[in-house]
1. Students often check this: by mean Cβ neighbours within 10 Å, which of 48-56, 104-112 ranks highest, and how do the rest follow?
2. How far apart, in nm, are the 7 Å Cα→Cβ label points at Arg77 and Arg57?
3. So if we plug the beta-carbon distance of Glu65 and Arg109 into 1/(1 + (r/R0)^6) with R0 = 41 Å, what FRET efficiency do we get, rounded to 0.05?
4. DSSP loop GluC sites (Glu not before Pro) in region 50-87 with at most 16 other Cβ atoms within 10 Å of their Cβ, which ones?
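Derivation of every value follows stated rules applied to the coordinates shown; laboratory data play no part. The model shown is predicted, which means the values in this text are computed figures rather than measured ones. Because the Cβ atoms are built from the backbone with ideal geometry, glycine has one as well, and the counts that use them run over all protein chains shown.
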Amino acid sequence: MSNNSAVLSPDAIKCDHYAGRPPGNGSLLVATSAAPDNFGALITAEAAAQLCDVSLRTWRRLEAEGMVPKPVRLAGRIKRYRRGELLAWMEAGCPAGEQWENIRQVEQRRRAR
């Protein structure tokens, strides 16, 4: 976790889906000021975990469970996450991976009109 995880900012997002908890018992995910300013940046798993204010171990578990947005694959093996997508995902309430993909597809179709 980041060193400022105890400080909640206006960027705090309630995430009922975090850690498989039932709705209403969620955690707060905080976009920290240590996150990169470039909205479109591709970031590492470490930076993604920091952005969501969880440990890297927790991030990897959530990824393995399909609970976070899918990473971009570079050269087949290198994983990076779209910072802007992570911010939008948190703003949407951290929906599970499949639900998030559906939300993204609907949004892409809406923008294409």
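1. Details: 48-56: 22.6, 104-112: 9.7.
Descending mean neighbour count gives 48-56, 104-112.
2. Once both label points are built, they end up 2.6 nm from each other.
3. The calculated FRET efficiency here is 0.90.
4. Here the sparse-neighbourhood loop sites are Glu65.
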